[in-house]
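For reference, the structure discussed in these notes is given below.
The values are calculated or read from the model by the stated rules, or taken from the named source; none is laboratory data. Everything numeric in this text was worked out from a predicted model, so none of it was measured. A quick note on method: Cβ atoms are made from the backbone with ideal geometry, for glycine too, and the neighbour counts reach across all protein chains shown.
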Amino acid sequence: VNHLGAPEHALPEWAVLHEKIRRAGGSPCNGPQRDDWTGTEQQQRRAAQACLDCPALFVCALYAKAADEREGTWGGETASQRARRRKATA
Ligand code: SF4
């Protein structure tokens with residue numbers, strides 16, 4: 001998770017996420033495939049699969065919700081999957 005900055009109101013969740021990643025020694029989204037997290041729909045789907053192996057998955061999803069992240073893959077969900085869920089729960 002280094003592709004986007006965190007909004008002020010979600011800094012606590014951002015800090016929790018980063019601490020979790022630090023303790024885990026890294027995350028798939030900081031690996032060689034990192035462009036997938038902000039890439040095409042197909043790339044983001046591959047990224048979302050890789051998120052399933054991430055020890056920070058749960059806190060990452062909490063951060064994305066708190067920050068209302070609209071771009072890229074976070075916590076195992078692509079941007080379009082989150083958009084659909086926002087619509088469904090609106
Ligand atoms: S859940 Fe996905 S986006 Fe979040 S830190 Fe892990 S690999 Fe990165």
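Looking at the range 6-14, can you tell me whether even one residue there is aliphatic (A, V, I, L, M) and touching a strand residue (DSSP E or B) at 6+ places or on another chain (Cβ under 9 Å)? First the steps, then the outcome.
First pass over the range 6-14, keeping only residues aliphatic (A, V, I, L, M): 6, 10-11.
Those left that are additionally touching a strand residue (DSSP E or B) at 6+ places or on another chain (Cβ under 9 Å): none.
The answer is no, given that none of the residues of the range 6-14 is aliphatic (A, V, I, L, M) and touching a strand residue (DSSP E or B) at 6+ places or on another chain (Cβ under 9 Å).
Could you tell me how many of the residues in the range 18-37 are polar (S, T, N, Q) and either part of a loop (DSSP other than H, G, I, E, B) or buried (at least 16 other Cβ atoms within 10 Å of the Cβ) (or both)?
Selection size over the range 18-37: 2.
I need the full set of residues from the range 32-60 which are farther than 20 Å from LEU17 by Cα and of a type in the set (D, E, K, R), in order please.
Of everything in the range 32-60, those that are farther than 20 Å from LEU17 by Cα and of a type in the set (D, E, K, R) turn out to be GLU41, ARG45, ARG46.
Do the conditions hold for GLU41, that is, is it out of contact with any His (no Cβ under 9 Å at 6 or more places or on another chain) and either among the acidic types (Asp, Glu) or touching a residue at least 60 places away in the same chain (Cβ under 8 Å) (or both)?
Yes; evaluated as a whole, the condition is true for this residue.
Please count how many residues of the range 68-81 are among the charged types (D, E, K, R) and within 18 Å of ALA56 (Cα to Cα).
Residues in the range 68-81 being among the charged types (D, E, K, R) and within 18 Å of ALA56 (Cα to Cα): 3 in total.
GLU71: over 11 Å from the mean Cα position of the chain (by Cα) and surrounded by fewer than 19 Cβ atoms within 10 Å (Cβ to Cβ), yes or no?
Judged against the criteria, GLU71 is not a match.
Quick check on the range 40-55. Is at least one of its residues under 15 Å from GLU77 (Cα atoms), acidic (Asp, Glu) and over 13 Å from the mean Cα position of the chain (by Cα)?
Yes, the range 40-55 has at least one match.
Considering (1) modelled with pLDDT of 95 or more; (2) in contact with a helix residue (DSSP H, G or I) (Cβ under 8 Å, 6 or more places away or on another chain), say which one GLY26 fails and leave the rest.
(2)
Could you tell me which residue of the range 38-86 is farthest from the ligand (Cβ to nearest atom), considering only residues that are part of a helix (DSSP H, G or I) and of a type in the set (Ser, Thr, Tyr)?
Looking at residues that are part of a helix (DSSP H, G or I) and of a type in the set (Ser, Thr, Tyr), I get SER80.
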